[in-house]
Structures are given as C-alpha cells and as structure tokens.
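Remarks on the structure that follows.
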C-alpha cells in the first residue's frame, strides 16, 4: 500500500511503487483532469504540483512522493494563484482544444505562487516545458500577465 | 459535392429520438464534473423539437445539438451563436449536446455526410443553423400569438421570452414549448437582416472555456466505465507487417496485466491501468514478419515521386497556351519543391473505448467523422448500425488526424476479444509512428518572364497521392483530386498562360491523409516561394511584384497592403533579420496575407520574431475565435515549416516523441498580430489558412535574411 496525498486527501492505494503518479491519478483515483501527453516529461500535459512545485506526473513514481502534497487541476482553484490564473484563462479565452491546459494552468500557477510578477523570460522558463499544439502561447503569456496584475479573488470565485 | 435539402434540417425530432444523445454541459461553471453520458431521451412528449438541432423542454431548458465536433476551433461557440441569434436566446441560457452519428440529420453539405474538417463548419452551417433557429422562433411566436389570440406580427421574441408588444404580456419558451410542438413546421421563415444581429459578429465568450480550465472537460481518453479495462497497443513497426508469434510469459507476469490480445497486424496488452498495460507491452516478446516494405526508406519514396514528375498529369486548370508561351519566354525560371511527410501529433493521443456485448456495441471516442466511426464498429462486429452506439467527446486536437477511423477500427477489433468495456490508449510513440501522415509531395514549377520581368506563363505540376479518391470517392471526378490542387488552381496572379497538373502517385509505404491545411498547405508553400523567386529574378520588391499581378483580385491586394503596412515592410532590419511575405487564397474562400520577420543566427538557427496577418474571411461569426484560429494555424505552421518531418528507414518511422518530432514551444513563439477586414462577403473557412500561409512567408523571410532559397521543407534542415 502506498499513501498518496492528493488535494488534501490521503488515499491508501495498492499499486507498484514505480507506477507514475499520472496513472494513479487517472486510472486508479479516477481524476482525469491531469492529462497524458507523452510519457517522457517532454510535453507538460501531465503537470501537477508537488508541495507547490510544478512536476511532470508521467515520470514521477508514486513511491517518490510519500509524505508530500500533490495538487491537481481539480483543486488548483483553491489556491490564490490558481484562482487568478483560471480567471485570467477565462477572461482571455485561452483554451482551444483544451487538452494541454490543465498542465499549462498548473505550471502557470506554480510560477505565480513563487514569482508574483514574472518577466517574459521568467514565463519562458516556467512554461517552455508545456506544449500546446493549438498554439495558445500568446494568450497564455497575456493571461499570466493579467493574472499577475489581478487583485486576489475570493474563494467564492474559485468555483470556476 | 452533394447538398442536403432543407427538408433534412427541418425534420421533426422523431429521428433524433431514435438515437442516444450524449449530454454534456459545456457551459457549466460549477466545480463538479458535469459530463453526463448516457441516454438523453428525445423531447419529452410536451417538449418542443422542431428540428434536429434544438430541443426546448417544458421546464424552459434549451438544448442545442452540435452537428460539428469541437476540437479547439470554436465550433461549440460559433454553432450555438448561429442558432441562438435567430432563436433569440442568449448563450447562458443554453445547454449543448454532442450530436449522435446520423448522416441524414447532421450531414455537412460539402461532404454529404457528417464531417468536421476542411475549415467548413461555419461555411456549411451558416445558413442551415440560422434557419433552424428562425424556424423554432417563428413557431414559438406563433404559439404565443395563438395563446393571446393576437397577430404574431405584434409579438417579438427576446432572450427566450415572447412579448406581445402592445400589451406587454409575456410567455417563456418553456411555457410555450408544448403548444409550439403541436404547430406545423413552417416552410418559409425570414432570417434576420445582418444589420439586426446582436450576437453574430461579436466576440462572444467561448462556451467551452470554463470546463477546460478546471479539469472537468471530458475527452475520449477520460472515459470511465464500471469494470473498464485499459489496453495499449503496438502495431507492426513496418506498415504491412504481420505478427508471427508472441511470448506472453513475461508480459503476463506484470502485476495488473489481464490479457494479451493478438491481431494479425498488432498486439495489445489489456490491464487494470495504463501503467500495467505499458509495462506489459514492453515485456511482451513479439515476432514480426516485416512484410514487403521492410527495406524502404524515404529516399526510395522520393525517387518514385521524382520519376513520376517526369510524366504529364491530369490538368486541373489551363489558361492560354502555356507550352508555347514558356518556350518563347525571354527568361525561364524552373524549380523543384519538396514537402515531407508530417505527423499530426494531437495533444490527446489516439484512443477509443469500446464495449462489445452480445446484443450490440458501444463506442466512446472523439472523432471528426462520427458516422464513419459507427460504420467501422458495425463492420468489425457484424452488428447492424442501429446496434452500434457512438458517444462523441471533446477532441484533444484533430488537425485531420481524427478524420480517420483506423484507431476506432483497431480498438473494436481488440475489444471483440475482451469481455469488458475496454479503453485502448496509444502511447505517444504509437501515435507518431502509426499516424495517417500528410503525404510527401514533389512539385515541378516553371514560369516565363517577359523582358520587363513580368510573368507571362506559369506551369505547376503537383506529384503526390489522391487522398480524395480514397477518402471521398464521389468527390473524385475526372481524375482530379480537388484537394491535391487546392490553392494552386485558384492562383490569384494575373498571368495569361497557366497550367496546373496533378500526377497521381500513390504512397507505397505509409498511410497518408489530411493534415491541417490539406493540399493548400503544400501548394501555398510552392506557389508563394516561387513567386518570391520570380520577384528576385526580376529584381523587384516581393510586395510590389505581387501587387502588380493582383489587378483582378482587389480583396487580396487590399490585404497585402494592410499586412505590409502593419509589418513595417521596407523598414530597415538588423543584420541577419529578414521579412517575408505570402498570400493565400483557396477553396476555403478566405484571403490571407502574412508577413513574417525572422532572424537567422550564424549557426543557422532560425528564430521567428513576429508574424503579421491580414485576414478577409467574409462575414465573421466571432472575431475573437477567428483571431484565435489564425494564431493557432500560424503556430502549427511554424512547427511544421521549421522542423516538421517524418522520415522512414527500413520501413520504420524514425521519429517517436516530442524529442525528435520537434514542435514550437512558448519560448520560441513569436507575437502574432491579426488584422481582420470586415465585409459582407460569404463566410470563408478559418481553421487552416494560418497554417497554409506560414511556410512560404518564413522561407521568403529566410531568403531575405540570408539570400538562401530553400525549396525543401523543413526549412531548418536547409540551412
């Protein structure tokens, strides 16, 4: 049994310790907001936060995250940065197909949580690992800047 | 091309009621996952459903059924806007549903079947959906007028409410639903004058955004069913190869692996979860007979194309007497252009969930061709169509990849052997190596210039497969593949002698099909690069040279001027930088002018600094979505133009994942300025033009920066 803390809830799960967190989330816990894109940490679709840091869940073994807190797209709206990022994503209509956007939002939220006013180079560094085939990069950049400018959003607004 | 009669659209709901509808609350802004999959009934007896696109329940719930699928291009906003404008409802009043497979109810008039592709959704449904909305509105107004015993002309509808203007009395659509349902469907309805539009032409918010920022959006890969197992698959590494034997022992020893499925051309490992399936597949020893393609490499394929290019093709356009004009031209310019195989690489890898039962088959997937998905499942299982239920989902990218149903066919073949609902998920490696690729094209192009450098003749010979002949045989007429020559036969430049030919040369190894921009993407690269070559031969400015040839294309000329002005054409640039221009016009009906600014480093690395687009797509449904699609097309186009290339060695695709099939990333993405020209012309397609115009503008910018003309994509390889 492996203990996994996801969005504040601890799950006891019976899986091999080398199983990537991505597949535990999707196929065992049924949390499908985190996406499979490449399986090699090349595209960022599977990004979640581990103690607030953006990580690629497709290459992170579940055995390596014991005692640490995982946050996924399903709960990022509970964090101040996540709320602002989601609101900015909606304001600018960032997503197209939307498949990569969970990962984009997790990376962007981690960036803003650690750097409230990122410069373009900071955005490049934080977001270069997240591929979008629909080409929403320009809007992502603009939305991160908008989120950085935004006043804190109350939790009530977090429901979207 | 076939057309669908209006009758097909104004059909009572009985037909819809026969199928299962997949409910999906796209506009829901609550946190809870809101996808409801299952049997959404047809209208309740007292509901109102005047056609296959609208259902209004007695509770006032307004459901719009989406004939075109959402793969990022904004159809789940633009299609509702068309309906809502005439129905007189506002976006937050509506609920969306994926249409079930039904070629009679949901055919795209350009294809004669249910299909989302070729940048056709707005063009195909601009009038039919408005008509569907107006029909429903007219019936609701008539029902209200009858309730009040007044003239319908004295009533107006707005935001789902009918008001009797003189008295101020009101009735909601929900209250009117039962009464409206009893009225005859009118033969004629009056559509709004565009000047009265309140929604069309506005940057209305996308209805699918909220679910796409909180993880609740449901793609095919997200399907979860009770008792469902998960499989991953390996098809023969060489297309045409066969499985000759497998050793299951090590694979079966992987915890969580349940079953190994062997097909003649593929193997699949069925497990409790994807990780076990992947581990099991890695542990599975498979012996393959690689078949007849085992020795073929890219060079062999190109050699075949080059040889075919020496022969005449089917003439798709002929103006004047190109042969004799070319023979007598003062200056003759000739070139060969090559465009490589390309993979689509949608972010959501191919997947399909299937449950084959004794009494029927159910399929959950994302497809651009739902009725084909249903048909292939029926063919594989032997069930009649009505026993095959297909649930569509949001598509995590399409780009033409999900116009093919190979992944559905394969999943059903595997699921037939499994006694449980089965989700088959391809790894990225499988996705890259078993795509239905954009074909390799080989083009011979020539022009003659008069002594002043003006083109007097243009001949363009396109060599490649006829995708349309396979994909849509009724559209393949007189040996002309309308896709292979798209963008080439519409050449905008006023040249007295023109010949465009297609030499059909089928691809011997790989499966090939449509890829964003389809034939236009390759043709526009050839045409606009070559026009630039002619300008250089004539020692003329590329914009001025084009402008002089656009006397008969005022829309194109106007756009060229906008793009050149906005891009600062002619202003000095730093050393190593260059600007390139390209124009686009094709069967999509959209005009586009683009100026790219690039920098070529001493190492040869290309960086795109800025892209400026001027777009004339006629009447605009949603300008923000048009902008988004141009931005999207350009980014997709930059990836392909600079780096996109699938190569073969010993019958195997050499690329496998994002490390060796490079795509543009955030830190490499340039600002993209989009300038929209507004007019009242017919709507043009917008999903693909941005992609099709980008390779030539980049190639021309590289030429401006370096003096090097690259005639073979990808551009970076030529530097």
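Plainly put, the stretch B:286-392 has a radius of gyration that is 1.21 times its Kirkwood radius, both from alpha-carbon atoms, as the Rg/Rh ratio.
The stretch between residue B:187 and residue B:541 holds 121.8 nm of extra length on full extension. This uses 0.36 nm per residue minus the Cα-Cα distance. Taking chain A as a Gaussian network of alpha-carbon nodes connected by springs under 10 Å, the highest mean-square fluctuation of the residues A:37, A:138, A:82 belongs to A:138.
Every helix of 4 or more DSSP H residues in chain B counts as -39500 (n - 2.57), and over all residues that averages to -8500 deg cm²/dmol at 222 nm.
Counting only DSSP H runs of at least 4 residues, each contributing -39500 (n - 2.57), and dividing by the residue count of chain A, the helix-based mean residue ellipticity at 222 nm comes to -9000 deg cm²/dmol. The rule of thumb for compact globular proteins, 2.2 N^0.38 Å, goes into the C-alpha radius of gyration of chain A 0.99 times. Measuring r between the beta carbons of residue B:650 and residue B:252 and using R0 = 22 Å, the FRET efficiency lands at 0.15.
Per residue, the convex hull spanned by the Cα atoms of the stretch B:337-395 measures out at 108 cubic angstrom. Within the stretch B:369-427, the percentage of alpha carbon pairs spaced more than 16 angstrom apart rounds to 45%.
Relative contact order for the stretch B:464-540: 36 percent, from Cα pairs under 8 Å spaced at least 6 residues apart, divided by residue count. Under 19 Å from a label point set 7 Å out along the Cα-to-Cβ vector of residue B:717, the amide N atoms of the stretch B:331-363 belong to B:336-345. The mean number of Cβ atoms from other chains found within 10 Å of a Cβ in peptide B:276-286 is 1, as a whole number. Using 0.36 nm per residue and subtracting the Cα-Cα separation, the extra length available between residue B:511 and residue B:159 on full extension is 121.8 nm. Averaged over peptide B:664-676, the number of partner chain Cβ atoms lying within 10 Å of each residue's Cβ comes to 5. The packing ranking of peptides B:468-475, B:109-116, highest mean first, is B:109-116, B:468-475, where packing means the average number of other beta carbon atoms within 10 angstrom of each residue.
The length gained on full extension between residue A:121 and residue A:1, counted as 0.36 nm times the residue separation minus their Cα-Cα distance, comes to 39.0 nm. Taking other C-beta atoms within 10 Å as the exposure proxy, A:97, A:58 rank A:58, A:97 from fewest upward. Per-residue packing, averaged as other Cβ atoms within 10 Å, sorts the ranges B:47-57, B:222-232 into the order B:47-57, B:222-232, beginning with the highest. Here each label is just a point 7 Å from Cα along the line to Cβ, and for residue B:708 and residue B:319 those points are 3.5 nm apart. Assuming R0 = 45 Å, what is the FRET efficiency of residue B:477 and residue A:11, from their Cβ-Cβ distance, to the nearest 0.05? According to the calculation, E is roughly 0.15. What's the angle, to the nearest 10 degrees (0 to 90), between helix A:80-91's Cα axis and the longest principal axis of chain A? Orientation of helix A:80-91: about 60 degrees from the principal axis.
Arranged from fewest to most other beta-carbon atoms within 10 Å of their beta carbon, B:585, A:137, B:126 become B:126, B:585, A:137. Restricting attention to the protein assembly as shown, close to 75% of DSSP beta bridges with both partner residues there are antiparallel. Note the angle between two axes, namely the Cα long axis of helix A:101-114 and the longest principal axis of the Cα atoms of chain A, as a number of degrees from 0 to 90, rounded to the nearest 10. That works out to roughly 80 degrees. The stretch B:232-300 and the stretch B:361-432 have Cα centres lying 19 Å from one another. Here the label points at residue A:128 and residue B:244, each 7 Å from Cα along the C-beta direction, are separated by 4.7 nm in the simple model.
Over all distinct Cα pairs, what is the inverse of the mean 1/r for chain B, reported as the Kirkwood hydrodynamic radius in Å?
Taking every pair of different Cα atoms in chain B, averaging 1/r and inverting gives 27.1 Å.
Both radii were evaluated on the Cα set of the stretch B:636-719; the Rg over Rh quotient, with Rh as the Kirkwood radius, amounts to 1.06. For the stretch B:580-630 versus the stretch B:457-489, the inter-centroid distance based on Cα atoms is 25 Å.
Assuming a ≥ b ≥ c are the square roots of the Cα gyration tensor eigenvalues, decide whether the stretch B:187-227 counts as rounded (a/c under 1.5), prolate (otherwise, with a/b larger than b/c) or oblate.
Verdict is oblate for the stretch B:187-227.
Using equal-weight Cα scatterers in the Debye expression, the normalised intensity of the stretch A:76-159 in log10 at q = 0.18 Å⁻¹ is -0.65. For the stretch B:200-270, the orientation-averaged shadow of the C-alpha convex hull comes to 9.4 nm² (one quarter of the hull surface). Arranged from fewest to most other beta-carbon atoms within 10 Å of their beta carbon, B:409, B:190 become B:190, B:409.
Summarise the long-distance tail of P(r) for the protein assembly as shown by giving the % of C-alpha pairs beyond 36 Å.
49
Please compute the average number of Cβ atoms from other chains found within 10 Å of each residue's Cβ in peptide A:19-30. Counting other chains' Cβ atoms within 10 Å and averaging over A:19-30 gives 4. With contacts taken as Cα pairs under 8 Å at a separation of at least 6 residues, the stretch B:229-277 carries a relative contact order of 49 percent. Projected label points at residue B:603 and residue B:662, each 7 Å from Cα along the beta carbon direction, are separated by 0.9 nanometres. Pairs of Cα atoms nearer than 8 Å and 6+ residues apart set the relative contact order; for chain B it is 13 percent.
Using mean Cβ contacts within 10 Å as the protection proxy, how do B:547-560, B:446-459, A:123-136 order, highest first? Provide the component values of the computation, followed by the final result.
Values: B:547-560: 17.9, B:446-459: 19.4, A:123-136: 23.7.
Packing order, densest peptide first, comes out as A:123-136, B:446-459, B:547-560.
Cα extents for the stretch A:2-71 along the principal axes, largest to smallest and rounded to whole angstrom: 28, 23, 20. Taking the 0 to 90 degree range and rounding to the nearest ten, how far is the long axis of helix A:137-149 tilted relative to the main principal axis of chain A, both from C-alpha atoms? Tilt relative to chain A: about 80 degrees.
Readers should treat all values here as calculations from the given coordinates under stated rules, not as data from a laboratory. None of these values were measured; they are calculated from a predicted model. Note: ideal-geometry Cβ built from the backbone for every residue, glycine included; neighbour counts use all protein chains shown.
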